[in-house]
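*Asks:* To start, I am sharing the structure in question, which I have written as C-alpha cells.
The values are calculated or read from the model by the stated rules, or taken from the named source; none is laboratory data. All of these numbers come straight from a predicted model, not from anything done at the bench. In this analysis, Cβ positions are derived from the backbone assuming ideal geometry, glycine residues included, and neighbour counts consider all displayed protein chains.
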Ligand code: UDP
Ligand code: MG
C-alpha cells in the first residue's frame, strides 16, 4: 500500500448518503451499479467492490427501497442510521463502516449530480499513489443564482478565515484506507470533512468533473442546513473570528478614547452642543458590536459544550449486508426504521 508505484487494484466502496431520496434512489443504484460492474470487468477495481448506501434517517420510502435493492444484489449494502444525523455524519458513518473492507472509498451524493464517469480519474490517481483525491466541479451552471453567489462568497470567506478548504470541492472524494484510518483518529463532534481532510496531509490530487442537474427529487440542503454547515466550517476550523473581535475591541477602544478627549475639550471650551445624533450613533454602534461579539463567542462556547459531551457522532440502527464476514444484525432488527 505504501509503495507509491506498485499498488494493487483496489477493492472500492462507494459511500452514498441518502436522506429522503425515494424519487432517485433506484435510478442511482442502477447507474452506480453499472459503473462498478464495468470497472470490475475492466479490472480497474477488484471484485468485492460495493456500493454502500447510508440511510440518514429518511422519512419516506428510501429505506424500504434500499432494502429491496440490497436484497436482490450483494453488490449493494445498506447502513441505516437511527435518525437524521446530517450529511457529514452520514458520510462518516459510511466511510468508517466501509474502511474495514475496502482499500479505497469514494463518497458521492445519491442524486447523481456528480459525474460518476470521473471515477476512472479517481482510480488513476489512487493507483499513482494519492491517498486523497478531491473531486472539484468544473462550473456551477446547474446552480441557481443564489447558490452560485453564496458559494463564491463562502469559499472567499473560508480562505480569509484561514481554512484550507478546496474551492468548489464538495464531498465527492476518494480516500484510501490509510487516509480513512487517519480520519478515524479525529474524534471531534463538529465534523467538517471538507476542512479537516486537507489538514491531514498525505499525497493528494484533484479531479475535475461536470455537475449535472439533480436526477430527481429536490435538494435536501435547506437554507438553514446550508447556514449551519457554513458556520460549522468556520468555527470548527479556525479561531480567527475570536481574534477579529479582539482587534475590533481595540479599535473601538482607541476611538472612544479619542472621542472622550474631544468631548472634554469641547466641554472645557464651553461648547456644549446638543449632540443627540452622536450619542445615538455611538450607543447603537457599541451595542451592536457587543452583541455581535457575544454571539460569535457564544458560537464557540456552544461548540465547546457539544465537544465536551463526547456524544457518538452517529448511531447505526441496522446494517444490511450479504457477506459472511460482515457484522450481522439479528433478523428481528432488520427492516425496522428509526423514525
Ligand atoms: N443528505 C443526507 N442527510 C441530510 C441532507 C442530505 O444524507 O440531512 C444527502 C442527500 O441525500 C444527498 C447528499 O446528502 O445524497 C447531498 O444533498 P443534496 O443533493 O440535497 O444537496 P445539494 O446537492 O443540493 O447541495
Ligand atoms: Mg445534490
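*Asks:* Can you name every residue in the stretch 47-93 that is surrounded by fewer than 24 Cβ atoms within 10 Å (Cβ to Cβ), within 16 Å of ligand 2 (Cβ to nearest atom) and in a helix (DSSP H, G or I)?
*Replies:* 87, 88
*Asks:* Would you check which residues across the stretch 213-227 are more than 10 Å from ligand 1 (Cβ to nearest atom) and free of Cβ contacts under 8 Å to residues at least 60 places away in the same chain and list them?
*Replies:* Result: 223, 224, 227.
*Asks:* Quick one: which residue in 44, 4 is more than 16 Å from ligand 2 (Cβ to nearest atom), modelled with pLDDT under 90, surrounded by 15 or more Cβ atoms within 10 Å (Cβ to Cβ) and in a loop (DSSP other than H, G, I, E, B)? So that I can check it myself, show each step before the final result.
*Replies:* On the way: 4 fails: surrounded by 15 or more Cβ atoms within 10 Å (Cβ to Cβ).
Sole residue among the options that is more than 16 Å from ligand 2 (Cβ to nearest atom), modelled with pLDDT under 90, surrounded by 15 or more Cβ atoms within 10 Å (Cβ to Cβ) and in a loop (DSSP other than H, G, I, E, B): 44.
*Asks:* Which one is modelled with the lowest pLDDT, of the residues in the stretch 112-141 that are in contact with a helix residue (DSSP H, G or I) (Cβ under 6 Å, 6 or more places away or on another chain), in a loop (DSSP other than H, G, I, E, B) and surrounded by 18 or more Cβ atoms within 10 Å (Cβ to Cβ)?
*Replies:* By that ranking, first place goes to 112.
*Asks:* Within the bounds of the stretch 161-178, is there any residue that is within 21 Å of residue 303 (Cα to Cα), in contact with a helix residue (DSSP H, G or I) (Cβ under 6 Å, 6 or more places away or on another chain), part of a loop (DSSP other than H, G, I, E, B) and within 16 Å of ligand 1 (Cβ to nearest atom)? Reasoning before the result, please.
*Replies:* So the first thing to find is which residues in the stretch 161-178 are within 21 Å of residue 303 (Cα to Cα), and the list is 161-165.
Next, only the ones that are in contact with a helix residue (DSSP H, G or I) (Cβ under 6 Å, 6 or more places away or on another chain) stay: 161-165.
Among the residues that remain, those that are also part of a loop (DSSP other than H, G, I, E, B) are: 161-165.
Subset that is within 16 Å of ligand 1 (Cβ to nearest atom): 165.
There is at least one residue in the stretch 161-178 that is within 21 Å of residue 303 (Cα to Cα), in contact with a helix residue (DSSP H, G or I) (Cβ under 6 Å, 6 or more places away or on another chain), part of a loop (DSSP other than H, G, I, E, B) and within 16 Å of ligand 1 (Cβ to nearest atom).
*Asks:* May I ask you to say which residue of 232, 205, 210 is within 16 Å of ligand 2 (Cβ to nearest atom), at pLDDT 80 or above and surrounded by 14 or more Cβ atoms within 10 Å (Cβ to Cβ)? Let's see the steps before the verdict.
*Replies:* Numbers: 232 fails: within 16 Å of ligand 2 (Cβ to nearest atom); 205 fails: within 16 Å of ligand 2 (Cβ to nearest atom).
Exactly one residue qualifies, and that residue is 210.
*Asks:* In this structure, does residue 106 turn out to be within 16 Å of ligand 1 (Cβ to nearest atom) and either in contact (Cβ under 8 Å) with a residue 24 or more places away in the chain or assigned to a helix (DSSP H, G or I) (or both)?
*Replies:* Values: within 16 Å of ligand 1 (Cβ to nearest atom): yes; either in contact (Cβ under 8 Å) with a residue 24 or more places away in the chain or assigned to a helix (DSSP H, G or I) (or both): yes.
So residue 106 passes the test.
*Asks:* Follow-up. Of the conditions (1) closer than 14 Å to residue 321 by Cα; (2) touching a strand residue (DSSP E or B) at 6+ places or on another chain (Cβ under 6 Å), residue 93 satisfies every one except a single condition; which number is it?
*Replies:* All conditions pass for residue 93, except number (1).
*Asks:* Quick one: how many residues across the stretch 139-157 are within 16 Å of ligand 1 (Cβ to nearest atom) and within 26 Å of residue 307 (Cα to Cα)?
*Replies:* First, pick out the residues of the stretch 139-157 that are within 16 Å of ligand 1 (Cβ to nearest atom): 139-155.
From what is left, the residues that are within 26 Å of residue 307 (Cα to Cα) are 154-155.
Qualifying residue count for the region: 2.
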